[in-house]
Each structure stands twice: as structure tokens, then as C-alpha cells.
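Below is one structure, written out as C-alpha cells, with a few remarks after it.
The values are calculated or read from the model by the stated rules, or taken from the named source; none is laboratory data. Note that this is a predicted model, so its numbers are computed, not measured. Glycine gets a Cβ as well: all are built from the backbone with ideal geometry, and neighbour counts include every protein chain shown.
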Amino acid sequence: MPLDGAGSTPLGLGRDGGQAGPMTTSRPLPPAVRRVLPWLLGWWALQGAVALTGRLVARRKNEGDESTAGIRRVVAVGGVQLRPTNPELARVRVDLVMGGAELDLTALPRVPGGVDLTVRALMGGMGVRVPAGWRVWWAFRGVGGIGIEKGADVMRTEDERGADLRVHADVLFGGIGVEGPR
């Protein structure tokens, strides 16, 4: 290394690469954060992948709108609200993955033959609002629950054919709540 007249090294050519010494970096993350961070990033990536897949499947599988006699919705990591208006509504099918749905049937008169609601939910839930006096029948399989709001003017019936709403549910870590009108 060339020396100047005073016997010292020129600026920037010191032993550690500069006149102020080596540059220090920011403090490292605490060990607990370093252990948890990969899991959090993995969980967020999974959520994103499920949401993207759900949207792609929904584009292909969603059918009908609130004015048709049949409605199908696929929801992943999100929610949907349905308020059907067709007095001839026959069936509604909802598939939920880490999502929720609200179905409001209060705008409908009694539908001849009843309405069939099919719900498949994985870590999801659904609220169903029905007009006063409706009879509800259900078949439920899975881990979770289904029930009628306490004090609602809605009756559970064992007569599948005579029910105004028939709920067929396959649920894993979720539930369905049936409520009366507001």
C-alpha cells in the first residue's frame, strides 16, 4: 500500500476497508422470531394459494344469480351474501373453504316443494335467515354443528318432504346457523 508523506494510508484504504472501521449491520432477529417466521410465511402462502385456487374454481363452478331458480357458489378465504328473489327457487349449493356465507330467504314466499340447501364447508360457516313460520329439516355430517337461533319463529321438522327448507350439510370444523327474520 502506498504511503503518503506523513506515513499513514490514504482515506478509504485502512485495514478494515475504511477510515471509520467496518460497517455494522442491524441487530439480528430474536431467536423466537426466527423460529416462528418461516411458519408464518408458510401459513400466508397457504392462504394465498387457497384463495387463488378458490377464485379459479369459482369462475368455473358458480352458477345462477339471485333471480334464478338454482344458485351455486364456491367461496375460499372470503365471504358471500345471497338474497334470492325468485319465488320458484328450488336449490342453493354453497361450497366453503375457510370462508363464510349468508343466505337471506326472507324475501321469498313459501316455495312449493321447498328449497334444498346443500352446504359443504371446510373451516367455514353459514348463516341462513328464513321467513317466520318456516319448517326446517336437516341432515348433518361432520365435525361442527347446526342449529336454530333461540327464540326464532322457525321450527325444526322431521318431515323432509314437508319442510320449507331442507339443509344437507357436510362440514369439517364449521357450522350452520338458522335464524328467523330480523
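If you take the residues of segment 137-160 that are touching an Asp or Glu at 6+ places or on another chain (Cβ under 7 Å) and either within 17 Å of Glu102 (Cα to Cα) or not in a strand (DSSP E or B) (or both), which of them is modelled with the lowest pLDDT?
Ala152
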Go through the residues of segment 161-168 one by one and say whether even a single one is out of contact with any strand residue (DSSP E or B) (no Cβ under 9 Å at 6 or more places or on another chain), at pLDDT below 95 and assigned to a loop (DSSP other than H, G, I, E, B). no
Testing Leu108 on (1) part of a strand (DSSP E or B); (2) crowded, with 19+ Cβ neighbours inside 10 Å, one condition comes back false. Which one is that? (1)
Out of (1) in a loop (DSSP other than H, G, I, E, B); (2) touching a helix residue (DSSP H, G or I) at 6+ places or on another chain (Cβ under 6 Å), the one Glu88 does not meet is (2)
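Hey, among Val57, Val75, which residue is closer than 18 Å to Val119 by Cβ, part of a helix (DSSP H, G or I) and aliphatic (A, V, I, L, M)? Steps first, please.
Details: Val75 fails: part of a helix (DSSP H, G or I).
That would be Val57, the only listed residue that is closer than 18 Å to Val119 by Cβ, part of a helix (DSSP H, G or I) and aliphatic (A, V, I, L, M).
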